[in-house]
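**Q** I'd like to ask some things about the structure below.
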Amino acid sequence: MAMAPTGQRDYSSLRLSRHALERFVERFAVEPEQAANEFRCVLARMRRLGRNPENRAIAVLGIYRNQLLVAIVQEASCLTVLTWNQFQPHLAEFGRRKLPRKWGRVLRRLTGGV
C-alpha cells in the first residue's frame, strides 16, 4: 500500500472494534459484509485532529462517500466512528477550540485534490 500523503496518516492496520464497525455501518449506510474493507480504505488517509489528555485517545478525520467521518483511536484500536456533526461538540475534549486553519484545503487534500 502506498504511503499516505504529507499531513495524513495511514491508520488502516488498526484493530477495528465491533462497536466501531457497527457504528460505521449504521452512520454511513455501509453493507455489513463490506464494512471492514471500506473502513480500512478510509483509515488509510486520515488527518489527526487532536488528542484527549484524559484518556490519550486520538481523533482522526477522514472522508467516506463525501461525508466527514471522525474515528476515535486509542493505542492500536479504533474504538468508534462518528459523523462530523456528532464529533464537533467534542472538539475541545481533543485540544481544539475551533476548526483547524485552512479547513477547505484540509478537506481537498483528504479527497485527493491538492
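What follows is calculated from the coordinates using simple rules that are stated; it is not laboratory data. Quantities reported herein were computed from a predicted structural model and do not represent experimental measurements. Note that we place each Cβ from the backbone using ideal geometry, even for glycine, and neighbour counts take in every protein chain shown.
**Q** Between L16, L49, L99, find the one with the highest GNM mean-square fluctuation for the chain; connect C-alpha pairs within less than 10 Å.
**A** L99
**Q** Determine ³J(HN,Hα), in whole Hz, for all residues of the stretch 20-30 in sequence, where each value follows from phi through the Karplus function 6.51 cos²θ - 1.76 cosθ + 1.60 and θ = phi - 60°; x replaces Gly and Pro.
**A** Residue by residue, the stretch 20-30 yields 4, 5, 5, 5, 4, 4, 5, 8, 10, 6, 9 Hz.
**Q** Now for a different question. If each Cα of the chain is one equal point scatterer, what is log10 of I(q)/I(0) from the Debye formula at q = 0.14, 0.21, 0.24 Å⁻¹?
**A** Results for the chain at q = 0.14, 0.21, 0.24 Å⁻¹ read -0.52, -1.24, -1.58.
**Q** Right, another one. With θ taken as phi - 60° and the coefficients 6.51, -1.76 and 1.60, list the Karplus ³J(HN,Hα) couplings across the stretch 68-83 in order, rounded to whole Hz; mark glycine and proline as x.
**A** Values, residue by residue: 6, 9, 10, 9, 9, 10, 9, 6, 10, 10, 9, 7, 7, 9, 10, 6 Hz.
**Q** Which Cα, out of G62, V25, G95, lies furthest along the positive dipole direction of the chain (beta carbon charges, K/R +1, D/E -1)?
**A** G95
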